[in-house]
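Below is one structure, written out as structure tokens, with a few remarks after it.
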């Protein structure tokens with residue numbers, strides 16, 4: 001019997017739910033409903049969800065168009081980059097699901113990424129440049145503002161040594177499907193709420209992986225310093241049965257990070273993609 005697929009409206013609701021859980025969860029350094037950053041608040045992220053949730057979940061479109069049009073709509077409505085990482089992580093998951101279903105989704109994502117040719121890569125570059133406006137920088141061999149439109153897998157393979165989203169693109173979304181989805185399920189069972197599970201997953205991620213956005217803005221050493229802070233927090237997460245027990249510590253950490261303008265944005269992107277994947281494939 002063939003697998004019964006979720007239709008577009010249901011898939012859109014799953015994506016929106018994952019994004020909303022991210023906004024409602026206490027994640028130190030990251031925007032939530034009770035804690036804005038210097039330049040953004042949760043309303044900007046609500047607008048971002050509205051801007052791209054219909055487009056990113058459309059059936060029968062190419063992966064590069066799914067990415068480009070989602071970015072374009074967000075920029076047109078919100079005016080700034082609020083969800084580039086979420087789009088880059090969730091679009092291939094959606095593409096693989098529509099094309100090949102839930103089974104072996106990691107392998108199927110890899111096949112979709114390998115199919116991105118010169119023209120596909122050019123379209124994705126256009127979207128990234130539209131969103132980042134230069135903030136992504138450049139590297140010697142592959143400049144996002146240049147004309148090095150290689151196969152997208154090759155570009156991501158090159159960037160994987162310093163960018164966690166690129167690592168996912170070149171390693172079958174290994175972090176999400178071999179690590180984070182199981183962790184999220186465990187946290188959900190332990191704490192009983194999606195929001196607490198998101199908070200715990202965010203802390204776990206940052207205890208294990210130096211955040212790409214922090215590294216890009218302040219250098220790898222700073223990202224590793226933040227990693228140490230979250231490692232200590234995660235040791236507490238492991239020892240408690242209720243996230244409320246460390247709520248005040250999380251709030252204080254949030255204040256310190258935001259006062260220093262440190263936003264572990266890549267971690268939040270991975271939380272959204274993990275929650276979305278978890279709901280999609282369960």
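Read-outs: derived from the displayed coordinates by stated rules, not from any lab. Fair warning: this is a prediction, and the values are worked out from it, not measured in the lab. Counting neighbours? That spans all protein chains shown, and the Cβs are built from the backbone with ideal geometry, glycine included.
Overview of values
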| item | result |
| --- | --- |
| √(5λ) per eigenvalue of the Cα gyration tensor, the chain, largest first, Å | 28, 22, 18 |
| Rg [Å, one decimal], Dmax [Å, integer] - the range 158-267, C-alpha atoms | 14.2, 42 |
| Where labels lie 7 Å past Cα in the beta-carbon direction, separation of residue 224 and residue 17 in nm | 4.1 nm |
| Two-site FRET efficiency, residue 104 against residue 251, from Cβ-Cβ distance with R₀ of 30 Å, rounded to 0.05 | 0.15 |
| Estimated inter-spin distance, residue 174 and residue 43, nm [label 7 Å along Cα→Cβ] | 4.3 nm |
| Estimated 222 nm signal from helices in the chain, with DSSP H stretches of n ≥ 4 weighted -39500 (n - 2.57), rounded to 500 | -21500 deg cm²/dmol |
| Relative contact order of the chain, defined on C-alpha pairs under 8 angstrom at six or more residues apart (%) | 24 percent |
| Kirkwood-Stokes translational diffusion coefficient of the range 214-282, alpha-carbon pairs, 25 °C, 0.890 mPa s, µm²/s | 179 µm²/s |
